[in-house]
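Trainee: Got a structure here, written out as structure tokens. Questions coming.
The values are calculated or read from the model by the stated rules, or taken from the named source; none is laboratory data. Predicted, not measured: the structure shown is a model, and the values here were computed from it. So basically every Cβ, Gly included, is an ideal-geometry build from the backbone, and we count neighbours across all protein chains shown.
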Amino acid sequence: MKKIIRPLLTLFFFWILLGFTVGQPVLANDYETLNASIMRPDPVTLMDWIKKYKEAPKADIKEDIQNSLMQLQESGIGASRDLSSYLPYNQSNMVQRNQGSCGNCWNWAGTGVLEIAHSKQNGVSERLSPQFLNSCKTDRFACCGGTLEMFATWYSQQALAIPWNNTNAGYVDGSRECPQGTSSRACSTITKTPNYPITSISPVTIDTSGGQNTAINNVKNILNQDKAIWFGFFLPTQAAWDNFINFWNTQTETAVWDPGQYCGTSFNNQGGGGHAVVLLGYNDDNPSNPYWILLNSWGTANGNRPNGIFRMKMNTNYDCQYPYGGYSPLDAFIWQTLSVQFAGGGTCTYSVNPSTQNFSNPGGSGTINITTQTNCNWSASKNADWITFTSQSSGSGSGIVTYSVSINTGGQRTGTITIAGKTTTITQNGTTSLSNLLQNPGFEDGESAWENTGWIIWWAPCYTGIDCAFGGEWLAWLGGYDDAYDQIYQDVTIPSDATKATLKFMYAIETDDIGWGEADYLDIYVTRLRDNYRQLIDTYSNLNYTPGWVESQTYNISSFIGEAVRIEFIGTTDYALITNFFIDDVVLSIERPGAVLSERLYLPLILK
């Protein structure tokens, strides 16, 4: 089947380039992943969530701001507010703001509100770790859903937040689901230093009763206090969720979603559920189309939403409810924010000196000077294990951080130390040169240098909306049909003066074959051509499916130094339930003694 489909897809790509209007298809795994991430609490839990939302203290509505908003409203003058400048995410890392199939949107939304408060109070725009709560909150697994009240209660017990860049604090639970019951990362492995101490934290509810105009102005009031809003919404049926997921996946960031279209629909326990996002701002410059700006935790919709946001209709029903058989009517929306105070909070500015530091290959020690106001807290984090702090990595007011750089026996390398959002870049010379022996490693020249069984190397630029290449516009696609046997290989000689040889590549695996064991395989071989000795380097199966592009481990193939070898990928599938194996940017890297070559072996990691 794939042998027929592949040429048809190629024609489809060219139709797009010629300007035909074609609807963007949704990737097969997107719907299942997003649908699994929706919070679906049992009725008792759900009603308890609503009860605590209504009982929470009311957010402080500033009278001067409210008067200004009402004057603008009465005058028919539009305005806008956007807190994105306080957000520590940007288009280069927004793809990582993706909860996957884990139902912890409430944690991501709470972390987003906390990040903006941290940025505003401490002058530090730094990603905070949602994995910290996922791994360390043990009374109820985070992937099973939750509320801002649960988020604030847990953080009040910890009395600190930690940066995403702390060791093991990056998010890894994207493939977890509620029934699994625990995080994939143990709390004990997460480094809690550096951290940002929290003096107090609690949820407050924004009053949206009293009519549409009052509700809108109250929400705007909070945003104009430079506070982000935790917005939770329930949809009553699976059909409603299907519509929202389709809106997210296929529309651009300029499209406006109307949540009020489902008001009055009975809430169904089997299909209904909730989701939480961060309300960042608003725009009512166009009085016929005013909207709210919301940050989701579903990545970038395969590049369709590079800022991770969507717009929501402002002129909606703020008293929207769903009849809920046997229970009180269910409020469709939850509007809350955090009353939070970081230790040393205030208007702080920071500078670090130097901003760059160079070391020779033996390494050495360095010092970074921090300048800030008295009582302004800071902490330092690093992104490389060859950099070691030799002083305290956190403090208050102006100070210094000292560090050491270990000996470098490889190629040139670069690391960073980040202090209060300011970065010092550390570059160290190497003792070896690095080079990639493979020709056409990213398949950008089509089949050049690669032998294959046919219809393996594909043009797949990301603007087509189809599964797209990791780097550039070409990839290798193995499998994708029943009873497949797809092979691609390249012959190359590893020089005898190399001191080390390694192989790595980017891969992505999509499958319909989940739950029935291993059935489809991607095998990676290195064959010594002089005697046809063949070594199996690794095997991936349908059970190793990925949420996007993943970098393989680095395979040491130094035993083949001085030999002519074949680098080979073979994809096989059984008679049913297909699996797609995608390969890109294959690197056979060698090290040689000599001057360092400034060669970039990999493109930046951007999951589409």
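Trainee: When you scan region 282-292, how many residues do you find that are buried (at least 19 other Cβ atoms within 10 Å of the Cβ) and in a strand (DSSP E or B)?
Mentor: 3
Trainee: Let me ask another. Pick from T147, T214: which is within 19 Å of Q336 (Cβ to Cβ), in contact with a helix residue (DSSP H, G or I) (Cβ under 6 Å, 6 or more places away or on another chain) and among the β-branched types (V, I, T)?
Mentor: T147
Trainee: For T199, indicate whether it is of a type in the set (S, T, Y), in contact (Cβ under 8 Å) with a residue 60 or more places away in the chain and crowded, with 17+ Cβ neighbours inside 10 Å.
Mentor: no
Every residue, every condition in (1) crowded, with 20+ Cβ neighbours inside 10 Å; (2) under 30 Å from S393 (Cβ atoms); (3) of a type in the set (K, R), yes or no:
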position: S175; (1), (2), (3): no, no, no
position: T191; (1), (2), (3): no, yes, no
position: N213; (1), (2), (3): no, no, no
position: Q238; (1), (2), (3): no, no, no
position: F247; (1), (2), (3): no, no, no
position: T252; (1), (2), (3): no, no, no
position: P259; (1), (2), (3): yes, no, no
position: G273; (1), (2), (3): yes, no, no
position: L280; (1), (2), (3): yes, no, no
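Trainee: Checking S200 against (1) among the polar types (S, T, N, Q); (2) out of contact with any strand residue (DSSP E or B) (no Cβ under 8 Å at 6 or more places or on another chain); (3) more than 18 Å from S84 (Cα to Cα): exactly one of these is not met. Which one?
Mentor: It is condition (2) that S200 fails.
Trainee: Right, next: Got a sec? Which of I368, I334, I400, I417 is in contact (Cβ under 8 Å) with a residue 12 or more places away in the chain, touching a Gly at 6+ places or on another chain (Cβ under 6 Å) and either in a strand (DSSP E or B) or outside the structural domain of T493 (by TED's automatic domain parsing) (or both)?
Mentor: I334
Trainee: For region 88-158, please list each of the helices (runs of 4 or more DSSP H) lying entirely inside it that holds at least 3 residues being without any contact (Cβ under 8 Å) to a residue 40 or more places away in the chain and of a type in the set (S, T, Y). Write out each step before concluding.
Mentor: Values: elements: 105-122, 130-136, 148-158.
Result: empty, no element qualifies.
Trainee: Taking W378 and the conditions (1) at pLDDT 90 or above; (2) buried (at least 20 other Cβ atoms within 10 Å of the Cβ); (3) not charged (D, E, K, R), which numbered condition does it fall short on, given that it satisfies the others?
Mentor: Single failed check for W378: (1).
The rows are residues; the columns are (1) surrounded by 14 or more Cβ atoms within 10 Å (Cβ to Cβ); (2) within 28 Å of D284 (Cβ to Cβ); (3) at pLDDT 95 or above.
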position: Q73; (1), (2), (3): yes, yes, no
position: G76; (1), (2), (3): no, yes, no
position: Y86; (1), (2), (3): yes, yes, no
position: Q91; (1), (2), (3): no, yes, no
position: N107; (1), (2), (3): yes, no, yes
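Trainee: Is it the case that region 218-228 has a residue that's modelled with pLDDT of 95 or more and of a type in the set (D, E)?
Mentor: Checking region 218-228: not a single residue is modelled with pLDDT of 95 or more and of a type in the set (D, E).
Trainee: Looking only at region 401-437, filter to residues that are aliphatic (A, V, I, L, M) and over 31 Å from the mean Cα position of the chain (by Cα); which one of those is surrounded by the most Cβ atoms within 10 Å (Cβ to Cβ)?
Mentor: Initial filter on region 401-437 (aliphatic (A, V, I, L, M)): 401, 405, 407, 417, 419-420, 426, 434, 437.
When the remaining residues are screened for being over 31 Å from the mean Cα position of the chain (by Cα), the result is 407, 437.
Numbers: I407: 13, L437: 19.
Restricting to residues being aliphatic (A, V, I, L, M) and over 31 Å from the mean Cα position of the chain (by Cα), the top hit is L437.
Trainee: Does at least one position in region 556-575 carry a residue that is more than 14 Å from L478 (Cβ to Cβ), surrounded by fewer than 16 Cβ atoms within 10 Å (Cβ to Cβ) and touching an Asp or Glu at 6+ places or on another chain (Cβ under 6 Å)?
Mentor: Within region 556-575, one or more residues are more than 14 Å from L478 (Cβ to Cβ), surrounded by fewer than 16 Cβ atoms within 10 Å (Cβ to Cβ) and touching an Asp or Glu at 6+ places or on another chain (Cβ under 6 Å).
Trainee: Restricting to region 293-309, name every residue that is closer than 17 Å to I334 by Cβ and part of a strand (DSSP E or B). Even if it seems obvious, please write down each step before you answer.
Mentor: Narrowing region 293-309 to residues closer than 17 Å to I334 by Cβ: 294-297.
Correct list: L294, L295.
Trainee: State which residue pairs qualify: first residue under 18 Å from P259 (Cβ atoms) and in the same structural domain as K220 (by TED's automatic domain parsing) and inside region 283-312, second residue aromatic (F, W, Y) and in a loop (DSSP other than H, G, I, E, B) in any location, beta carbons under 9 Å apart, and separation of 6 or more residues or different chains.
Mentor: Between residues of region 283-312 that are under 18 Å from P259 (Cβ atoms) and in the same structural domain as K220 (by TED's automatic domain parsing) and residues that are aromatic (F, W, Y) and in a loop (DSSP other than H, G, I, E, B), the close pairs are L295/Y89.
Trainee: Would you confirm whether or not region 248-255 contains a residue that is part of a helix (DSSP H, G or I) and modelled with pLDDT under 95?
Mentor: Yes, some residue in region 248-255 is part of a helix (DSSP H, G or I) and modelled with pLDDT under 95.
Trainee: Being under 17 Å from the mean Cα position of the chain (by Cα) and either more than 20 Å from S200 (Cα to Cα) or modelled with pLDDT under 95 (or both) is the requirement here; does R81 meet it?
Mentor: The answer is no for R81.
Trainee: Restricting region 539-571 to residues that are closer than 30 Å to G303 by Cα and hydroxyl-bearing (S, T, Y), which is farthest from the chain's Cα centre (by Cα)?
Mentor: Residues of region 539-571 that are closer than 30 Å to G303 by Cα, as a first pass: 539-554, 569-571.
From what is left, the residues that are hydroxyl-bearing (S, T, Y) are 539-541, 545-546, 552, 554.
Working: T539: 27, Y540: 24, S541: 24, Y545: 17, T546: 14, S552: 19, T554: 23 Å.
So, considering only residues that are closer than 30 Å to G303 by Cα and hydroxyl-bearing (S, T, Y), the one farthest from the chain's Cα centre (by Cα) is T539.
Trainee: Related question: Would it be correct to say that Y327 is within 30 Å of Y31 (Cβ to Cβ), at pLDDT 95 or above and assigned to a loop (DSSP other than H, G, I, E, B)?
Mentor: On the way: within 30 Å of Y31 (Cβ to Cβ): yes; at pLDDT 95 or above: no; assigned to a loop (DSSP other than H, G, I, E, B): yes.
Against the criterion (within 30 Å of Y31 (Cβ to Cβ), at pLDDT 95 or above and assigned to a loop (DSSP other than H, G, I, E, B)), Y327 does not qualify.
Trainee: Now, a different point. Just checking, how many residues over region 308-331 are surrounded by fewer than 18 Cβ atoms within 10 Å (Cβ to Cβ) and touching a Ser or Thr at 6+ places or on another chain (Cβ under 8 Å)?
Mentor: 3
Trainee: Which one is surrounded by the fewest Cβ atoms within 10 Å (Cβ to Cβ) among residues in region 159-170 that are within 21 Å of the chain's Cα centre (by Cα) and not in a loop (DSSP other than H, G, I, E, B)?
Mentor: Only one residue tops the list, namely A161.
Trainee: Looking only at residues in region 459-518 that are hydroxyl-bearing (S, T, Y) and more than 25 Å from S435 (Cα to Cα), which one is modelled with the lowest pLDDT? Let's see the steps before the verdict.
Mentor: Taking region 459-518 and keeping what is hydroxyl-bearing (S, T, Y), we get 463-464, 481, 485, 489, 493, 496, 499, 502, 507, 511.
This time we only want the ones that are more than 25 Å from S435 (Cα to Cα), so: 463-464, 481, 485, 511.
Working: Y463: 58, T464: 47, Y481: 93, Y485: 96, T511: 92.
Across region 459-518, the extreme among qualifying residues is T464.
Trainee: Could you tell me which numbered condition L46 fails, if it satisfies all but one of (1) touching a Gly at 6+ places or on another chain (Cβ under 9 Å); (2) crowded, with 16+ Cβ neighbours inside 10 Å; (3) in a helix (DSSP H, G or I); (4) at pLDDT below 90?
Mentor: Among (1) touching a Gly at 6+ places or on another chain (Cβ under 9 Å); (2) crowded, with 16+ Cβ neighbours inside 10 Å; (3) in a helix (DSSP H, G or I); (4) at pLDDT below 90, the lone unmet condition for L46 is (4).
Trainee: Related question: Being over 30 Å from W516 (Cα atoms), part of a loop (DSSP other than H, G, I, E, B) and either of a type outside the set (D, E, K, R) or at pLDDT below 95 (or both): is that true of G548 here?
Mentor: Answer is no for this residue.
Trainee: Let me ask you something else. Any chance region 264-274 includes a residue that's more than 26 Å from the chain's Cα centre (by Cα), under 29 Å from D226 (Cβ atoms), assigned to a loop (DSSP other than H, G, I, E, B) and assigned by TED's automatic domain parsing to the domain that holds N221?
Mentor: Scanning region 264-274, I find no residue that is more than 26 Å from the chain's Cα centre (by Cα), under 29 Å from D226 (Cβ atoms), assigned to a loop (DSSP other than H, G, I, E, B) and assigned by TED's automatic domain parsing to the domain that holds N221, so the answer is no.
Trainee: Here is a further query. In region 216-235, is there at least one residue being without any contact (Cβ under 8 Å) to a residue 24 or more places away in the chain, part of a helix (DSSP H, G or I) and assigned by TED's automatic domain parsing to the domain that holds N302?
Mentor: Within region 216-235, the subset without any contact (Cβ under 8 Å) to a residue 24 or more places away in the chain is none.
No, because not a single residue in region 216-235 is without any contact (Cβ under 8 Å) to a residue 24 or more places away in the chain, part of a helix (DSSP H, G or I) and assigned by TED's automatic domain parsing to the domain that holds N302.
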